[in-house]
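Structure first, commentary second.
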Amino acid sequence: MGRSYKDLVAWQKAMDLVTAIYRSTTKFPSEERFGLTSQVRRAAVSIPSNISEGQGRLSKKEFRHFLGQARGSLMEVETQLQIAQNLGYLEATQTTELLEACAEVGRILNGLMASICKLPDSTQ
């Protein structure tokens, strides 16, 4: 676990997702600035933030916990994107692209969580 969080593909893909979310939400209605826009952006930012925080922790158990937090935030983003589409703030194609990016981050997070469980206890 000694590598930098910046080397983790999960963190890199999560950062790409945050950028895509910010770009996609710029056209949300101004009355949503403190509502859905803020909510989905905050949840998206939480994903790479939790990955990096977890990687900086001293044990694989803590790292796994923070990856779980990142995964929870990812589920929030998915739900909020669906809400945005339902309200007409996102086109179906935009939503599909963003949800596909979410699915990719989710698969990578799941793999990372599984690989951490396989690490010997001496890496704690």
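Scanning the stretch 26-41 for residues that are touching a residue at least 60 places away in the same chain (Cβ under 8 Å) and buried (at least 18 other Cβ atoms within 10 Å of the Cβ) gives a single hit, PHE28. Scoring ARG57 on the criteria (1) outside any loop (DSSP other than H, G, I, E, B); (2) touching a helix residue (DSSP H, G or I) at 6+ places or on another chain (Cβ under 7 Å) leaves a single failure, condition (1). Taking (1) surrounded by 13 or more Cβ atoms within 10 Å (Cβ to Cβ); (2) over 15 Å from VAL9 (Cα atoms) in turn, ARG23 satisfies each apart from (1). Scanning the stretch 81-98 for residues that are open to solvent by 40 Å² or more (accessible area, probe 1.4 Å) and part of a helix (DSSP H, G or I) yields GLN82, ILE83, GLN85, ASN86, ALA92, THR93, GLN94, THR96, GLU97. Of the residues examined, SER115 is one that is part of a helix (DSSP H, G or I), modelled with pLDDT under 95 and open to solvent by less than 60 Å² (accessible area, probe 1.4 Å). Of all the listed residues (ALA70, ALA44, ALA103), the sole one being open to solvent by less than 70 Å² (accessible area, probe 1.4 Å), at pLDDT 95 or above and out of contact with any Leu (no Cβ under 8 Å at 6 or more places or on another chain) is ALA103.
The values are calculated or read from the model by the stated rules, or taken from the named source; none is laboratory data. Not measured: the values here are computed from a predicted model. When we count neighbours, we look across all protein chains shown, and the Cβ atoms used for this are built from the backbone with ideal geometry, even at glycine. Note: accessible area is taken over every heavy atom of the protein model, side chains too, but ligands, DNA and RNA are not part of it. Shrake-Rupley method; radii C 1.70, N 1.55, O 1.52, S 1.80 Å.
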